[in-house]
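Structure first, commentary second.
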Amino acid sequence: MTDTAAAVRRAPEGLAFRIRDLVVSFGTGDGVVTPLQGLDLEVPRGQFLCILGPSGQGKSTLLRCMTGLQAPTSGTVEALGAEVEGPNASLGMVFQQDAIPMWLRVKDNVSFGPRMRGVPQQEWAPRVEHFIDAVGLRGRERAWPRQLSGGMRKRAAIAAVFANDPDVLLMDEPFGSLDYFTRATLHNTLLALWEETGKTIVFVTHDVDEALKLADRIVVVSNGVVGADLPVAFERPRTDGLRTDPEADAMRRYLLEELEAKAMPQ
Ligand SMILES: Nc1ncnc2c1ncn2[C@@H]1O[C@H](COP(=O)(O)OP(=O)(O)OP(=O)(O)O)[C@@H](O)[C@H]1O
């Protein structure tokens, strides 16, 4: 696809998310923790947004609010123009853990979402075949998850979330447990599917280089608010050359300093 075609296809038509003054508090045995303290964030449709942040400062809580798994204490979270009131099929999720049912073969896993939603088979079947191919699992359709490597199980999870055709994908450190090379190939698979489908992706990571490779935009969440908000304009596809690019290096240093400055003592 040419840059122009991609830009036209991904031209934002409104917002995927509008988050206003989001506060989340939890009561614990030791008192109250408030990981989100009045956070504002807008995410245009089609954007690949990476959320970075020091440990324990609210990234997962924010993502859970965006998927409807966590209710705000106050403030509002709107997805696709409507207030998020609970999980729904337009908000697809991928977590760090292998969140695929181990009792279903690969193909049954990939088709699980649309089958559960009662989508007619003639509608889901071609999508399922397409995404099995797109993630490189052709030939393993009848395998059980336990017969696959961690990277392949992640491929099945990605095919499953795309086959369910959500408008938005929310991913919480999805590749955190994988080795460097497996992650690198999964980055390319995910980017190819994002280019193809134009879906909005919100991706939480600890890893600055992962964010620089993937994102259109990086926000740093610290002390319960958006502490830094940077556009990432490096040309795609982003290759290993990004590691030695002076601009990328400047951004990497800035982000690492930002994370270090805001990290809480562990
Ligand atoms: N259900 C809960 N009950 C009580 N405290 C919680 C709950 N969920 C999160 N917290 C607390 O809220 C804070 C933020 O947690 P959160 O998981 O959102 O941080 P994070 O930035 O994603 O961290 P990490 O990068 O380490 O995964 C932490 O202090 C955590 O212990």
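The values are calculated or read from the model by the stated rules, or taken from the named source; none is laboratory data. Because the structure is predicted, anything quoted here is derived from the model rather than measured. All Cβ positions, glycine included, derive from the backbone under ideal geometry; neighbour counts span all protein chains shown.
Among the numbered conditions (1) out of contact with any helix residue (DSSP H, G or I) (no Cβ under 7 Å at 6 or more places or on another chain); (2) on the phi < 0 side of the Ramachandran plot, the only one that Val94 does not meet is (1). Can you find a residue that is within 23 Å of Pro166 (Cβ to Cβ), free of Cβ contacts under 8 Å to residues at least 40 places away in the same chain, within 13 Å of the ligand (Cβ to nearest atom) and in contact with a strand residue (DSSP E or B) (Cβ under 8 Å, 6 or more places away or on another chain) anywhere in the range 85-100? No, the range 85-100 has no match at all.
Could you grab me the full set of residues in the range 28-78 that are touching a His at 6+ places or on another chain (Cβ under 9 Å) and of a type in the set (D, E, K, R)? If you could, list the steps in order and put the result at the bottom.
So the first thing to find is which residues in the range 28-78 are touching a His at 6+ places or on another chain (Cβ under 9 Å), and the list is 52-55, 59.
Lys59, the sole residue that qualifies.
Val225 meets all of the listed conditions (1) within 16 Å of the ligand (Cβ to nearest atom); (2) among the β-branched types (Val, Ile, Thr); (3) in contact with a helix residue (DSSP H, G or I) (Cβ under 7 Å, 6 or more places away or on another chain) but one, namely (3).
What residue, of Gly38, Gly14, Gly27, Gly31, is closer than 23 Å to Phe203 by Cα, modelled with pLDDT of 50 or more, more than 21 Å from the chain's Cα centre (by Cα) and not basic (Lys, Arg)? Before the answer, list the steps.
Working: Gly14 fails: more than 21 Å from the chain's Cα centre (by Cα); Gly27 fails: closer than 23 Å to Phe203 by Cα; Gly31 fails: closer than 23 Å to Phe203 by Cα.
Going through Gly38, Gly14, Gly27, Gly31 in turn, just one is closer than 23 Å to Phe203 by Cα, modelled with pLDDT of 50 or more, more than 21 Å from the chain's Cα centre (by Cα) and not basic (Lys, Arg): Gly38.
Total residues in the range 23-62 satisfying the condition of being within 12 Å of the ligand (Cβ to nearest atom), crowded, with 22+ Cβ neighbours inside 10 Å and among the hydrophobic types (A, V, I, L, M, F, W, C): the figure is 6.
Each residue in the range 81-97 was checked for being under 17 Å from the mean Cα position of the chain (by Cα) and surrounded by fewer than 18 Cβ atoms within 10 Å (Cβ to Cβ), and 7 of them qualify. For Pro114, the criteria (1) in contact with a Phe, Trp or Tyr (Cβ under 7 Å, 6 or more places away or on another chain); (2) within 16 Å of the ligand (Cβ to nearest atom) hold in every case but one, which is (2). Considered as a group, the residues in the range 196-213 that are more than 13 Å from the ligand (Cβ to nearest atom) and in contact with a Lys or Arg (Cβ under 8 Å, 6 or more places away or on another chain) include one that is farthest from Pro54 (Cα to Cα), and that residue is Gly198.
Here Gly75 meets the list (1) more than 12 Å from the ligand (Cβ to nearest atom); (2) buried (at least 18 other Cβ atoms within 10 Å of the Cβ) almost entirely, failing just condition (2).
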